1. For the stretch 244-263, indicate whether the set of residues that are among the aliphatic types (A, V, I, L, M) and out of contact with any strand residue (DSSP E or B) (no Cβ under 6 Å at 6 or more places or on another chain) is non-empty.
2. In the stretch 235-252, which residues are assigned to a strand (DSSP E or B) and either out of contact with any Pro (no Cβ under 8 Å at 6 or more places or on another chain) or in contact (Cβ under 8 Å) with a residue 40 or more places away in the chain (or both)?
3. List every residue pair whose Cβ atoms lie under 6 Å apart, where the two residues are 6 or more positions apart in sequence or sit on different chains, the first residue falls within the stretch 297-312 and is within 18 Å of Glu375 (Cβ to Cβ), and the second residue, located anywhere, is charged (D, E, K, R) and open to solvent by less than 60 Å² (accessible area, probe 1.4 Å).
4. If I ask for residues that are part of a loop (DSSP other than H, G, I, E, B) and surrounded by 17 or more Cβ atoms within 10 Å (Cβ to Cβ), which ones from the stretch 164-187 would you list?
5. Among the residues of the stretch 355-373, write down those that are out of contact with any Pro (no Cβ under 9 Å at 6 or more places or on another chain), over 19 Å from Asp410 (Cβ atoms) and assigned to a loop (DSSP other than H, G, I, E, B).
6. In this structure, does Val300 turn out to be crowded, with 21+ Cβ neighbours inside 10 Å, in contact with a His (Cβ under 9 Å, 6 or more places away or on another chain) and at pLDDT 90 or above?
7. Given (1) in contact with a Leu (Cβ under 9 Å, 6 or more places away or on another chain); (2) open to solvent by 60 Å² or more (accessible area, probe 1.4 Å); (3) closer than 17 Å to Val147 by Cα, identify the lone condition not met by Leu196.
Amino acid sequence: PSLCVKMGASQRRHCRSLTSLLVGLLLLFCFCPRGFVAEWHKVNKAPVRQNLRSLPEKLQPELSPAERPLWQSLRAAACALMLAVQPVQAFEDLNPAESLSVELFQKNTPGVVFITNEVFKLSQSELQAVPKGTGSGWVYDDEGHIVTNYHVIEQSSFVTVKFIEGTEVVAKVVGADPYSDVAVLKVDLPANRQSLLRPMAKGMSANLRVGQEVFAIGNPFGLDHTLTKGIVSGVGRTIQSVGGRPIQGAIQTDASINPGNSGGPLLNSKGQVIGMNTAVIAGATGTGFAIPEDTVSARVGSILKFGYVKRAGLGLYLGQDGLAQRLSGRPGGVVAGLQINSAAGKAGVKPGDILQEIDGRRITTVNDIYAVLDEHQPGDMVKVRLLRPDKPEELGLPESKITFTPTSLDVMLLEVQEQGQRS
């Protein structure tokens, strides 16, 4: 025993298997009648996983377990042990990487759920619930909150959540954010089913490296609890949400992500959630994307606290990407308009100004502004550097001579009240 304690997990399993085999052999040769081993080999000519029912009738015990002598009981135990040890040895044939994958799947699968989006439709004067689509989700906490993609539950009449052992319940939508493709559901389970809530461990997505292994668990094409494996193919990607706003910092992976995987977790080799599977490029093979866990946690936290995602905004409208370069010969974003009582307007930003930097980050496209704002909360102060034209009304005129003056403003960000194509 002291030797086994010093061994690794795999070595300890080998030690236990060998010990079980030796004990079985000892009991077999001490108590089994002559010829039994030879007869056993006849029954098991090929590598098999038999049970005692497959043995010849003459080897079956004629007495009930209560009437059986001690030596026959020991013989039966030895035979069962020998027949059972082969599956254990088969599992031991896995290499370390395979063992890691198997253990990761077995540990984390109970925390992944199957989600069905159902809608009511009128059919032959009857109102029926019809499945609109399916997806995946994962248990966020032990209070019954389930996280998934917004597009999985979009336009649903009601949503059902199915756990791994078959329990299916109707879920309540706590809140959803189409602009980051995140939704939070809530299930109420009876006391005798609370053990089904297996919250998944959360990791960090900020320090992911290209090349590290990742695992995706979900329900592709309606196939319950499927595991795929791959690597981080890229980080810092930008993908478009169903709400039209870009999602920054997306994780690119070659782990197979198919319809039905959406909303499921992307795990690192420690079994921690580092992202939420969300999209694939149509027609592309081995190119899937996941929303980074840091973004998911921030959006879920806001939904659980306020019922929606609080976003910081400048309250301005920008012209097309590249317009500033054409009008002024300088990169940036042209302010096309301002909202009433906007954060930018209160700080002194005017239509025609060309934004160049926010908090030291260069601005060349609308997405650059979104990327900065996603890192802030309402009430935060940001420093905006811009170029102010002396004749904004002549911007774009071929023979106009406009002078641009560098200007710096401090802007206190306000909460965005209405979503749309503005910053």
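The values are calculated or read from the model by the stated rules, or taken from the named source; none is laboratory data. These numbers come from a predicted model, not from an experiment. All Cβ positions, even for glycine, are placed from backbone atoms using ideal geometry, and neighbour counts span all protein chains on display. In case anyone asks, the SASA skips ligands and DNA or RNA and just uses the protein heavy atoms, side chains included. Shrake-Rupley method; radii C 1.70, N 1.55, O 1.52, S 1.80 Å.
1. no
2. Residues satisfying the conditions are Val235, Gly236, Arg237, Thr238, Ile239, Pro246, Ile247, Gln248, Gly249, Ala250, Ile251, Gln252.
3. Partner pairs satisfying both residue conditions: Arg299/Asp177; Val309/Asp177; Val309/Arg299; Lys310/Glu415.
4. Of everything in the stretch 164-187, those that are part of a loop (DSSP other than H, G, I, E, B) and surrounded by 17 or more Cβ atoms within 10 Å (Cβ to Cβ) turn out to be Pro178, Tyr179, Ser180, Asp181, Val187.
5. Matches in the stretch 355-373: Thr365 only.
6. Criteria met by Val300.
7. If we test Leu196 against (1) in contact with a Leu (Cβ under 9 Å, 6 or more places away or on another chain); (2) open to solvent by 60 Å² or more (accessible area, probe 1.4 Å); (3) closer than 17 Å to Val147 by Cα, just (2) comes out false.
Every residue, every condition in (1) in a helix (DSSP H, G or I); (2) open to solvent by less than 40 Å² (accessible area, probe 1.4 Å), yes or no:
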| position | (1), (2) |
| --- | --- |
| Ala255 | no, yes |
| Asn261 | no, yes |
| Lys270 | no, no |
| Asn277 | no, yes |
| Val296 | yes, yes |
| Ala324 | yes, yes |
| Leu327 | yes, no |
| Ile340 | no, no |
